[in-house]
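Report on one structure; see the data block that follows.
Taken together, the values in this text are just the output of simple stated rules run on the coordinates, not laboratory data. The shown structure was predicted, so the numbers you read here are calculated from the model rather than taken from an experiment. Ideal geometry is used to build each Cβ from the backbone, glycine not excepted, and the neighbour counts take in all protein chains shown.
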Amino acid sequence: MPNNSVQLNRVFQALADPTRRAVLQRLSSGAAPVTRLAAPFDMALPSFLQHLRVLEGCGLVRSRKSGRVRTYQISPEPLKAAEGWMKHQRALWERRLDQLDRYVEELGPTMSPTRK
């Protein structure tokens, strides 16, 4: 579990940046070379490449080089792991909120949030 936790931390850290999220969104429609991915962003290419390194480092993208062109594509497995973690958290909090709701109902009408 600790190794999975480290990987999950890296995925969420990568997703925390709007540039990296935009790159993932672009790659969801298909593979693209670095120059095409970098075009919409107002930053130097070395800075943009750092974003790609972070995404590749946590497994969210994969790259291949053909001649002088490096092409990136999305890798959905880490996103599935993050989604699984979020689903687990949502189920946990929904269960807790249901318990709180039952408790408030047991307290009676004087404590009900719908009381006017």
query = Is at least one residue of segment 28-48 under 16 Å from Lys80 (Cα atoms), exposed (fewer than 13 other Cβ atoms within 10 Å of the Cβ), without any contact (Cβ under 8 Å) to a residue 60 or more places away in the chain and over 11 Å from the mean Cα position of the chain (by Cα)?
reply = yes
task = Considering every residue within segment 71-83, establish whether at least one is aromatic (Phe, Trp, Tyr) and part of a helix (DSSP H, G or I).
result = no
